[in-house]
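**Student:** Below is a structure I'd like to ask you about.
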Amino acid sequence: MTVTEDRTGPELDLEAGFDRTIGADQRVEPRDWMPEAYRKTLIRQIAQHAHSEIIGMQPEGNWILRAPSLRRKAILLAKVQDEAGHGMYLYAAAETLGVDREELTEKLISSKQKYSSIFNYPTLSYADIGVIGWLVDGAAICNQVPLCRCSYGPYARAMVRICKEESFHQRQGFELLLAMVNGTDAQKAMVQESVDRWWWPSLMMFGPPDDDSPNSAQSMAWGIKRHTNDELRQRFVDMSVPQAAALGVTLPDPELVWNEDRKSHDYGEPDWAEFKAVIAGSGPANAQRVAHRRRAHENGAWVREAAQAYADKQAARAREQEVPA
Amino acid sequence: MSEEVTAEGGHGAVPTTGVETGLGEKPSRRTWPLYEVFVRGKRGLNHVHVGSLHAADDEMALHNARDVYTRRNEGVSIWVVRADAITASSPAEKDPFFAPAGDKVYRHPTFYAIPDEVPHL
């Protein structure tokens, strides 16, 4: 018997196995071997996604107590509860990669990990609740539907659950806006003003243009990302134009025009300087969002401690009863 | 752009360079145990794994599972089990653990040739 395998042999075998799984468009599962860079990319992405869901409760929670009817209040409560649920699905998926949920929370409230820039904009009017459902959740759906086929199994499965629920989010938003645009002139104006503020930040949700997105190629090769930023942004613009027409609102982009050759809409360039500034922490609400999350976490400490003390006491009693008489 | 930014996480673009992953660091204080959650969608179906959560004890795990995983009547029964109580096979599909079944095609009905005219077989 000859032994020709060198010391890197097993590692190479593992990598070849991983490459085969990806090449065959199969799913990578938690205890499979995976390259460290793949694991870390997923942890960053899933953690930021989870944090975004959790922070995303704040701008909408802002209007729960001021919702105009019991019906609207019940809907908004259910939606905000869903956002918490989405955060939980995603933290669960992140944990399968070997990180601890508690630690991810610590990294969020110490600003060592980020969340989506869109949640650093304030909700100034009740129309914002509708526009967030329509545009912000609509953009999120464009991003998230392809993630249901992400190469990492637990992330893909979490996304399937989330996408089912996002559809409710978008439709309730659109219905809310329909009610408002069929209302008084003041209500119509409120919707238009809200659309004017949220349109560009919604386009920015897809990230920088493709030629300024150097890591996209690696994520696509790994089957984490399925479409480029610009492809998804274009899809979102094309979907939104007829919806805006149905509402009778104007999207605030003078360059927005149908291009018959491309069978798509041409549109203007988002203000990438603003995008960069918001990400860097200069958005209208960055500090407030993180401070609020930190306060909520710290104020909940006694609840966590009490639950633990109760569990310890019950466990101790159960042990006592097991002792033979 | 000076910083690498990706938008893949659904809700929009965030920086990915210089962001800590925290892999392998463990929090200093004691945390609640991890539970795996299984839901029976309706009578007649098996319980299916749907995800995981943390809870101080079994009862809290059950309540949290209801709130996180069955907000829209997705289940009629929930099992929660502490993750550290689960014994699992190695995940690799080509694992020799599953080899014994690989060469036993005679366990499948299609292994047996039966004349077409014979009914009900």
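**Student:** Calculated from DSSP H runs of 4 or more alone, at -39500 (n - 2.57) each and per residue, what is the 222 nm mean residue ellipticity of the protein assembly as shown, nearest 500?
**Tutor:** The per-residue figure over the protein assembly as shown is -16000 deg cm²/dmol.
**Student:** Summing +1 for each Lys or Arg and -1 for each Asp or Glu, what net charge is found among the other residues whose Cβ lies under 9 Å from the Cβ of A:G268?
**Tutor:** With Lys, Arg at +1 and Asp, Glu at -1, the net is -4.
**Student:** With the contact rule set at Cα under 8 Å and sequence spacing of 6 or more, what percent relative contact order holds for region A:86-192?
**Tutor:** 29
**Student:** Another question about this same structure. Only loop residues by DSSP count here, and only those with at most 13 other Cβ atoms within 10 Å; note down the GluC sites (Glu not before Pro) in region A:218-271 that meet that.
**Tutor:** A:E255, A:E260
**Student:** Please list, or write none, the aspartates and glutamates whose alpha carbon is within less than 12 Å of the alpha carbon of A:K114, excluding same-chain residues fewer than 8 places away.
**Tutor:** Partners found: A:E53, A:E106, B:E20.
**Student:** Shifting gears a bit: Please give every one of the lysines within straight-line cross-link reach of A:K225, meaning a C-alpha to C-alpha distance under 17 Å, and leave out same-chain neighbours fewer than 8 residues apart.
**Tutor:** Here the lysines satisfying the reach criterion relative to A:K225 are A:K40.
**Student:** Separate question: Any idea what the relative contact order of chain A is, in percent, if you count C-alpha pairs under 8 Å spaced at least 6 apart?
**Tutor:** Here the relative contact order equals 18 percent.
**Student:** Which is farthest toward the positive dipole end of the protein assembly as shown among A:I129, A:Q321, A:L247, measuring Cα position about the Cα centre, with Cβ charges +1 (Lys, Arg) and -1 (Asp, Glu)?
**Tutor:** With unit charges placed on the Cβ atoms, the residue in question is A:Q321.
**Student:** With charges only on Cβ, +1 for K and R and -1 for D and E, what is the dipole size of chain A about its Cα centre, in debye, rounded to 20?
**Tutor:** Computed charge dipole of chain A: roughly 1220 debye.
**Student:** Right, next: Report the one residue of A:V290, B:N73, A:L14 whose Cα lies farthest in the direction of the positive end of the charge dipole of the protein assembly as shown (charges on C-beta: Lys and Arg +1, Asp and Glu -1; origin at the Cα centre).
**Tutor:** So the residue we want is B:N73.
**Student:** Sorted by accessible area with a 1.4 angstrom probe, largest first, how do A:W63, A:W200, A:W302 fall?
**Tutor:** From most accessible down to least: A:W302, A:W200, A:W63.
**Student:** Please compute the contact order of region B:36-121 in relative form: average sequence separation of alpha-carbon pairs under 8 Å and at least six residues apart, divided by the residue count, as a percent.
**Tutor:** 27
The values are calculated or read from the model by the stated rules, or taken from the named source; none is laboratory data. Quantities reported herein were computed from a predicted structural model and do not represent experimental measurements. Reconstructed Cβ throughout: ideal geometry from the backbone, glycine too, with neighbour counts over all protein chains shown. Remember, those area values only see protein heavy atoms, side chains included, never the ligands or the DNA or RNA. Shrake-Rupley method; radii C 1.70, N 1.55, O 1.52, S 1.80 Å.
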